[in-house]
Amino acid sequence: MSEASTPPEGYGAKLRRFLGIGDAHAPVTLTLLGICVAVAVAELFSQRIGAALLYAPVLGEDQPYRFLGSAFLHSGFWHLVFNMYALWLVGSVLEPAIGHLRFLGIYILSAVGGNIAVLLTADPSGQSWITATVGTSGAVFGVFGALFILVRQFGTNTTSLIVVIVVNLLLGFVPGMNISWQSHVGGLVVGGLLMALMMIGRESLTPIRRRIRDIVVYVVAAGVLVGLYFWGYR
């Protein structure tokens, strides 16, 4: 009697095995989805919520919490649906693979990094200084970038993932789409760099040294973003 064939191991399982993480759930992703939906529902009853969280360079200097708060706002139903679908699609694979706190760190720093990119490319004397940005796009591109680095780590074909990233990036340059390409690029760079730094020499480190090194990576990245914040408002 021939032995039953073993199903091929998916990305998530391979990544979890490589990183020594067994949890296959994505509670952080689900929580972020829930917060975004809850904020959208709350906005139906009070527009003050949106006004308090949206980000524009003119507002960020005195109210820096907007750099992250705007990541939970959306400009409409379909904007919310597309972003939440993208977040679930990537988060349900990436979070179990790298761990809950690592995933949350990438999400938060990518969201802030996206708005930092908006700040650094805005003209203080032009319309871009007062133009508001909302949505999880910067954070979503950050987790896309992190997933890309992980998939590349295993020598897997990344063509389909590259196509998805490039197509979505190009949409930001289409006239009339009102999409912040700066936020997309900023989030993508932050997420990709964070994961790339955590992958350097990972196999040669003990689990405790991996955790310490990952914490250092996040702290340094946060410090760089704070520095860019002050640079942007110099």
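Please report, as a whole percent, how much of the solvent-accessible surface of the stretch 177-234 comes from carbon and sulfur atoms (probe radius 1.4 Å).
The C+S portion of the solvent-accessible surface of the stretch 177-234 is 73 percent.
With all protein chains present, how much of the accessible area of the stretch 53-155 (probe radius 1.4 Å) comes from carbon and sulfur, to the nearest whole percent?
Roughly 66 percent, rounded to a whole number.
Accessible area per residue of the stretch 56-159 at 1.4 Å probe, in Å²?
It amounts to 41 Å² per residue over the stretch 56-159.
How would the stretch 76-135 be classified by its alpha-carbon gyration tensor: rounded, prolate or oblate, with rounded meaning a/c under 1.5 and the a/b versus b/c comparison settling the rest? Intermediate values should be presented prior to the final figure.
Values: a/c = 4.64, a/b = 1.74, b/c = 2.66.
Taking the square roots of the gyration eigenvalues as a ≥ b ≥ c, the stretch 76-135 is oblate.
Assuming R0 = 45 Å, what is the FRET efficiency of residue 43 and residue 224, from their Cβ-Cβ distance, to the nearest 0.05?
0.90
Which of the three applies to the stretch 20-119, rounded, prolate or oblate, going by the alpha-carbon gyration tensor with a ≥ b ≥ c and a/c under 1.5 meaning rounded?
oblate
The values are calculated or read from the model by the stated rules, or taken from the named source; none is laboratory data. Owing to the predicted nature of the structure, the values given are computational and were not obtained by experimental measurement. Cβ coordinates were reconstructed from backbone atoms using ideal geometry, including for glycine residues, and neighbour counts include every protein chain displayed. Side chains are part of the model used for accessible areas, which takes the heavy atoms of the whole protein and leaves out ligands, DNA and RNA. Shrake-Rupley method; radii C 1.70, N 1.55, O 1.52, S 1.80 Å.
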